[in-house]
1. Provide Asp116, Asp8 in ascending order of the number of other Cβ atoms located within 10 Å of each residue's Cβ, fewest first.
2. Taking every DSSP beta bridge with both residues inside the range 71-122, roughly what % is antiparallel (nearest 5)?
3. Go ahead and run the numbers for FRET between Phe97 and Lys2, Cβ-Cβ distance against an R0 of 22 Å, rounding to 0.05.
4. With the dipole of the range 2-166 worked out from charges on the C-beta (+1 for Lys and Arg, -1 for Asp and Glu) around the Cα centre, which of Gln78, Cys30, Ser145 lies farthest toward the positive end?
5. Lysines within cross-link reach of Lys2: Cα-Cα under 17 Å, excluding same-chain residues under 8 positions apart?
6. Using Cβ counts within 10 Å as a stand-in for footprinting exposure, how do Ile69, Ile29, Ile109 rank, fewest first?
7. Which ³J(HN,Hα) values in Hz, rounded to whole numbers, follow from the phi angles of the range 55-60 under the Karplus curve 6.51 cos²θ - 1.76 cosθ + 1.60, where θ = phi - 60° and Gly and Pro get x?
8. How do Phe82, Phe6 line up, fewest other C-beta atoms within 10 Å first?
Amino acid sequence: MKLRLFLDSTENTLELGALLATMFRTVDICPALLLNGGLGSGKTTLVRGLVSALPGSEQADVSSPSFNIFNVYPTTPQVAHFDLYRLEGMPPDESLFEFLSDETTLTIIEWIKYLDRKHWPEQAICLEWTDLRQGRSLDIYTIGSKARPMLESHAPLLRKYTMESDLT
């Protein structure tokens, strides 16, 4: 499944993050969220919207983990938020793989393009931003058989942002 969304403001990006949070509130297995996009495209803003909509978010101070590589937020489910920008060309810390193997933690990875594809998780929802003259397009697609139904069941909630969709 692939969706192409249009985001024209920070508010839309925060709102989309909150909508995506609804996918993770009641699941037993959390596929990873893999994010790609240029500097300032909205990756951390989306994470802020998502985390703020999860139970326990009042204890979470969402910020870009660029300098400390990752942050863990005490939400339900727990969120492990990684930023691989500074790791370009270097292997990630083992903690990334530990969180990816823990299916009860929602692992979010910004700058996934810096992680060798052979290390990507088997179950994931991928988000890729592209700058437009006004706003940004956001492609959302899934990896793995468990991630696809989650996105499909929530696609109607995303309809207001949809530019294109491929439900095949």
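1. Details: Asp116 9, Asp8 12.
With the fewest neighbours first, Asp116, Asp8 line up as Asp116, Asp8.
2. 40 percent
3. Details: r = 27 Å, r/R0 = 1.23.
E between Phe97 and Lys2, to the nearest 0.05, is 0.20.
4. Of the options given, the answer is Ser145.
5. By straight Cα distance, Lys2 reaches Lys146, Lys160.
6. Working: Ile69 17, Ile29 11, Ile109 28.
The most exposed by this proxy come first: Ile29, Ile69, Ile109.
7. Taking θ as phi minus 60°, the curve returns x, x, 5, 5, 8, 9 Hz for the range 55-60.
8. On the way: Phe82 27, Phe6 16.
In increasing order of surrounding Cβ atoms, one gets Phe6, Phe82.
Here, each number is a calculation from the coordinates, and none is a lab measurement. Note that the structure is predicted; figures quoted are calculated from it, not measured. As a convention, Cβ positions derive from the backbone with ideal geometry for all residues, glycine included, and neighbour counts pool all protein chains shown.
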